[in-house]
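To keep things clear, I will list the structure first and then write my remarks on it.
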């Protein structure tokens, strides 16, 4: 009786030019038969941003822990232009 756990990237979507939505399934199998599955979703953006007074700080998102296919899409999508557009968008959302 061999029980195995595997994480699979099931879906990667790019939304609003810069948001990358990732759906990962954790699959549990016993003797090669699936006995359980759960889904985890998360969203990546090019930066995490904060403001202190009049100064904005944009820290690049660390994607090194993401699956290789997610990293490839982030590196292709997050061009300098997209990053600049994201910074402008975030800074324009100030209340």
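Since every read-out is calculated from the coordinates, none of them should be taken as a lab result. Not measured: the values here are computed from a predicted model.
Give me the extension gain from residue 11 to residue 42: residue separation times 0.36 nm, minus the current Cα-Cα distance, reported in nm with one decimal. Walk me through the intermediate numbers first.
Working: separation 31, 0.36 × 31 = 11.16 nm, distance 1.09 nm.
In short, 10.1 nm is gained.
Just to confirm the number: angle between the C-alpha axis of helix 68-77 and the first principal axis of the chain, 0 to 90 degrees, nearest 10?
Rounded to the nearest ten degrees, it is 20.
In a Debye calculation with equal point scatterers on the alpha-carbon sites of the stretch 3-95 and no solvent, what is log10 I(q)/I(0) at q = 0.19, 0.26 Å⁻¹?
Rounded to two decimals, the profile gives -0.90, -1.29.
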